[in-house]
Structures are given as C-alpha cells and as structure tokens.
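Structure first, commentary second.
Derivation of every value follows stated rules applied to the coordinates shown; laboratory data play no part. For clarity, every value in this text was computed on a predicted model and none was experimentally measured. As a convention, Cβ positions derive from the backbone with ideal geometry for all residues, glycine included, and neighbour counts pool all protein chains shown.
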Amino acid sequence: MRLVRPNGTHSVGIVLDNGPMSFGDWREFALKHGEILTKQFAQVPEDFNGKLILTLYCANPPQSCSMKLNGKVESFVLNKTLTELEFPIHGNKFTVENLGYADLFLVMDYQRNYGRTSLNGNAIPAELVAKLVADLEKIQH
C-alpha cells in the first residue's frame, strides 16, 4: 500500500491510514499499562484543529475505561465490541496510553504499514485504525 497511497487516504476533511474493515486486516491490539502508542498523519499541518475518531475494541462490553490521550485522561464507557469515539485534537500527531484496563484494545490494520504508528518509539508493522476529521465550516471560510 505504500506504493499506492504513501500518504494514507485523504478525502475532503478526512485523513486516515487504515483501509476498510472488510478489505483490511483489522485486529485488536493490546496496549499494556505504561506503554505509549504514537500516531502521526502525513501531509496534515502541525496546527490542524478538528476531531480524532479512534476505533477501540472491548472484549467484554459494557466497560468503563480510561486512557491518556496526549497526556490528558479521557474516561468513557464502551457499550459495544467495536466502538468509535471522538476527541478534540490539535496537531497531526497524538499519543495514547492505557491506564491499566485489561479489556481495552486499540485496533490495528496489519495490511497497512506506512511507518507512522509506533509503540514506545519503535515502529510497528501496522497502522492504527483512526482518522482525523477537519471542521469543514472553518475550511470553507
């Protein structure tokens, strides 16, 4: 996929590095307590403002969970096995840290490998299933 889409998929106001679930190789990824996952998006300005949509997997819903997103604690309830959560974001890069919840998993697409998802500073052979969504009203004005 690096040859076809080296900068990921860019649509009007949306950027992502993963493919669709039906054509990708989506798998849950256990982020252990204390590990830090970093995701960066290509060709997105550092001053980007919008929202991050992060896909999470929960082995035994419903579960109340917390994680650190860019150092800020975010708490939520996962009511389904696969859930998309929205968070405000500033910039083209973010970090995620699990605060010790065994039933909380990130989702990775192992068919994609752009080198923009890393664990504790080391690239992993997959891309995090996440997307950035711009505020189109601000873009159009």
Inset, instruction - Output the relative contact order of region 65-141, whole-number percent, from Cα pairs under 8 angstrom with separation of 6+ residues. - result: 23
Inset, instruction - Give the Kirkwood hydrodynamic radius (Å, one decimal) of region 62-130, defined as one over the mean of 1/r across all pairs of different Cα atoms. - result: 13.3
Legend entry - Selection from Ala59, Leu104, Phe41, by position along the positive dipole direction of the chain (Cβ): Phe41
Legend entry - Value of relative contact order over region 9-135, rounded to a whole percent, pairs C-alpha under 8 Å and six or more apart: 41
Legend entry - Dipole in debye (nearest 20) - region 9-135, about Cα centre, beta carbon charges: Lys, Arg +1; Asp, Glu -1: 100
Legend entry - Pairwise Lys count, region 9-135 - Cα closer than 16 Å, eight or more residues apart or different chains: 13
Inset, instruction - Within 10 Å of each residue's Cβ, count the other Cβ atoms and sort Thr38, Thr81, Thr117 from fewest upward. - result: Thr81, Thr38, Thr117
Legend entry - Diffusion coefficient, µm² s⁻¹, Stokes-Einstein with Kirkwood Rh over alpha-carbon pairs of the chain at 4 °C and 1.567 mPa s: 84
Legend entry - Ranking of Glu86, Glu97 by count of other Cβ atoms within 10 Å, fewest first: Glu86, Glu97
